[in-house]
1. Tell me, what does the Kirkwood hydrodynamic radius of the stretch 166-284 come to in angstroms if you use every pair of distinct C-alpha atoms?
2. Identify all lysines with a Cα-Cα distance to LYS138 below 27 Å; exclude those on the same chain that are fewer than 8 residues away in sequence.
3. Pop out the Kirkwood hydrodynamic radius of the stretch 61-137 from its pairwise C-alpha distances, inverse of mean 1/r, in Å to one decimal.
4. Counting only Cα atoms, I'd like the Rg/Rh figure for the stretch 3-50, Kirkwood definition for Rh.
5. Distance from the Cα centre of the stretch 29-49 to that of the stretch 188-255, in angstrom?
6. Which percent, to the nearest 5, of DSSP beta bridges fully inside the chain are antiparallel?
7. For the stretch 120-149 and the stretch 267-346, what is the separation of their Cα centres, given in Å?
8. Among SER247, LEU78, ILE339, whose Cα sits farthest toward the positive end of the charge dipole of the chain (+1 at Cβ of Lys/Arg, -1 at Cβ of Asp/Glu, about the Cα centre)?
Amino acid sequence: MKIGLVGFAGSGKTTVFNTMTGLDVPVGFGGELRHGVVRVPDDRIDALSRIYSPKKTTYAEISFTDIPGEHGAEQRGLSTKALQQIREQDALCLVLRDFVNPAIEAPPDPRPALEAFHLESVFADLAIIERRLDRARKEKASALEQAAFERMKNRLDEGRPIRSLLPAELDRGLLKGYGFITDRPLLVVVNREEARAAEPLEIELAAHIEALDAAGLALSASVEAEITRLDPNEQAAFLQDLGVEESALARFIRTAYGLLDLISFFTVGPDEVRAWPIRRGSTARQAAGCIHSDLERGFIRAEVIPYRVFVEHGSEQAVKNAGKLQIEGKDYLVADGDILHVRFNV
Ligand SMILES: Nc1nc2c(ncn2[C@@H]2O[C@H](COP(=O)(O)OP(=O)(O)OP(=O)(O)O)[C@@H](O)[C@H]2O)c(=O)[nH]1
Ligand SMILES: [Mg+2]
């Protein structure tokens with residue numbers, strides 16, 4: 001599961017990528033495609049770790065790909081190669097420039113950049129669909145598949161992304177392997193100049209993002225880079241000065257995690273406190289399988305404490321004494337923040 005940082009040249013993708021991953025990829029124009037692993041900040045894990053003082057604390061992780069922008073005369077446009085790289089991602093973060101970049105003549109203007117990216121993605125998807133429909137007419141393809149392609153084409157012709165089609169409207173099982181760009185979940189990141197780092201998104205821009213069925217947030221990549229260079233005590237003071245509780249980057253990473261439709265369940269004990277990423281809608285047995293295949297094979301039951309219940313009572317024993325420990329079978333749907341103990345027998 002990976003998230004691609006996409007956008008036009010010089011919008012700050014590599015700056016965001018370096019800040020998140022702690023890597024030191026050269027910024028400035030161009031460069032190569034890079035992969036990096038990012039820890040998902042979670043104050044529930046911080047709290048559990050303080051309570052258990054385990055030997056090891058493990059956060060959930062997600063992979064990011066930094067995809068270089070295109071550098072034509074127009075500094076716009078997505079090449080065939082860039083499109084291919086974008087199709088390979090599970091979700092997309094579009095970084096829009098809202099700061100003056102001395103290397104780029106054009107003043108910052110996130111709205112037209114958002115529209116340009118959206119239109120290019122629409123055209124790229126339409127090109128695939130039209131080719132497929134052409135072939136389907138000649139080959140008498142399955143009626144179901146043809147109907148799905150017609151439906152996507154109509155939606156794109158209206159200027160709307162494929163992701164706006166509900167599961168009941170579009171059977172995505174028919175589309176495996178196509179990699180439609182506008183079907184990817186999208187997070188739009190407005191990369192602000194330092195002075196406006198803490199301002200919320202403009203109403204008009206926020207409405208535009210919502211109309212594209214995307215999520216949006218604002219941050220300043222250079223402020224975030226500065227924050228990560230401070231030591232933890234200084235960080236808190238710095239954030240207080242800015243008037244925010246946490247860094248925008250932490251919020252960004254968590255939003256990106258949600259974009260992949262991931263939730264976290266936790267395992268706790270003296271050896272390790274750990275967050276496990278899992279698809280929303282997974283069962284207790286599937287969760288057991290994330291931890292170890294033996295736990296899935298020999299699954300008997302899961303003892304579940306939702307994180308809030310744990311915090312309310314303060315310890316596992318207190319939860320048990322209050323009769324709040326949930327005993328769940330293999331088909332139980334795991335919820336975000338569930339603390340799991342799997343009982344098994346192999
Ligand atoms: N003032 C300011 N400058 C920034 C900010 N973010 C990035 N920059 C600068 O903008 C320039 C381009 O940043 P990059 O992170 O390399 O941009 P990119 O999107 O990766 O560019 P390509 O890979 O060429 O597409 C660098 O000189 C950064 O230091 C920001 O929030 N504020
Ligand atoms: Mg770059």
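Please treat every number below as a calculation from the coordinates, not as lab data. Worth saying up front: this structure is predicted, and the values here are computed from it rather than measured. All Cβ positions, even for glycine, are placed from backbone atoms using ideal geometry, and neighbour counts span all protein chains on display.
1. Over the stretch 166-284, the inverse of the mean reciprocal pair distance is 17.4 Å.
2. LYS153, LYS176
3. One decimal place: 14.5 Å for the Kirkwood radius.
4. 1.12
5. So the separation of the two Cα centres works out to 16 Å.
6. Beta bridges within the chain, antiparallel portion: roughly 50 percent.
7. Their Cα centres are 44 Å away from one another.
8. So the residue furthest toward the plus end is ILE339.
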